[in-house]
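The values are calculated or read from the model by the stated rules, or taken from the named source; none is laboratory data. Since we're looking at a predicted model, the values are computed, not measured. Note: ideal-geometry Cβ built from the backbone for every residue, glycine included; neighbour counts use all protein chains shown.
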Amino acid sequence: MNLFKKIMAEFNLNALRGTPSVEIAVGVDIGTSSIKLVELKKMNGRAVLGTYSTLALGPYANLDVGATTNLSSDLLAKAIGDALKEGSISTREAALSIPSSASLVFLLEIPATITERDLPNIVPTEARKFIPVPISEVTLDYWVIPHRQEGFYEDERSKAEILPAKSEVLTAAIHNDTLSKYRDLTKISGLNCDVFEIEVFSSIRSTFAHELSAVLLVDFGASKTKLAVVEYGIVRSFHIVNKGSFDITSNIANSLAVSFAKAEDMKRDIGIVGNGNNRAASDVAKLVVDYILSETQTVIQAFERKYEKPISKVILTGAGSLLPGFREHASDVFRTEVVYGNPFDKVQVPEFVAKVLAETGPEFAVALGLALRKLG
């Protein structure tokens, strides 16, 4: 039973369903420090890479490359237009990411006896416990996670004995103001966009294969690090750590009294493996990394206690995960397999750039996942 394909097909905001497939599409991942684009084409039934690009947002706010921003819609639209132009993107058929910081993803537990027709009333009521604003101010979507034992009962009596008392409902909430902002942004940018997706689901689509055991996705972004425990393609746990790669650069700049631009170069070149004259910068970087990994360990332990099963693998995405020494250090901390996500494995690419794409893949996980969703 491939629940991954099922949930990726069904888990989209109700207001945005019914998207027709296209022959060429671009995924637009709008982060706090950069925009990432991936253009895909459908050829002979396969997704083929057209082009990809990234554009720093710092300069649009008169800041350095790598700095986090909070741009107005007009400036953000200009940045998207520039990114499309610089990336030689040939289509305006687009899918946009909704940042995890502007959404909530959680599991509801409801009595297993509740029927499907009762869910539209039950889910909003239960969701209020997790949502800090009036329920009328958000758009909700949900999906009941099937019991894995369903379909394997010898009789109704054994079914009643095996079925748990609770059902789990994967639920997502996005503030209506956020959706309105992104719809307006696409209009200003001239994009034909009817797909808005929470970024974690785009990353899962582009980096997961056929993993059936519990896998941890670590999306190391500029301002935040997103953690999702995924089993059978279903998000079982989702958390946000309020630190990212920007914090490393900022701390290096402040601690060593260097410019932000110099600190950004040191971070990218040294990471947490510096020695000699570079040791001070790597030690500062490691403080942020260790905080993120400590928070991640807490998430792992909570999942393993609740479900009584281990995390079998960790998949790294986001530009921050490319920090020199990060994957190796994470592997030592978690004592399990830690790999980089390679979304370009999901599409046909020119053989001569396959190695380069594998190395830069984690940065484009969301954008490529969005393009796959739009391509249909």
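Details
- Scope the stretch 231-268; condition closer than 26 Å to residue 168 by Cβ, in contact with an Asp or Glu (Cβ under 9 Å, 6 or more places away or on another chain) and of a type outside the set (Ser, Thr, Tyr); matching residues: 231, 233, 234, 236, 239, 241
- Residue in the stretch 101-116 that is among the hydroxyl-bearing types (Ser, Thr, Tyr) and under 20 Å from residue 22 (Cβ atoms) present: no
- Cross-chain or 6+ apart pairs with Cβ under 9 Å, the stretch 274-286 first and closer than 14 Å to residue 253 by Cβ, then of a type in the set (Ser, Thr, Tyr) and assigned to a helix (DSSP H, G or I): 280/255; 281/255; 284/255; 285/249
- Considering the stretch 274-376, the qualifying helices (runs of 4 or more DSSP H), each wholly inside and each with 1 or more residues that are modelled with pLDDT of 95 or more, over 27 Å from residue 51 (Cα atoms) and not polar (S, T, N, Q), run over 279-307, 326-334.
- Residue within the stretch 89-96 that is over 25 Å from residue 259 (Cβ atoms), basic (Lys, Arg) and in contact (Cβ under 8 Å) with a residue 60 or more places away in the chain present: yes
- Residues in the stretch 100-107 include at least one that is closer than 21 Å to residue 177 by Cβ and aromatic (Phe, Trp, Tyr).
- Residue 122 meets the conditions (1) part of a strand (DSSP E or B); (2) of a type in the set (A, V, I, L, M); (3) over 18 Å from residue 206 (Cα atoms) in every case but one. The failed one is (1).
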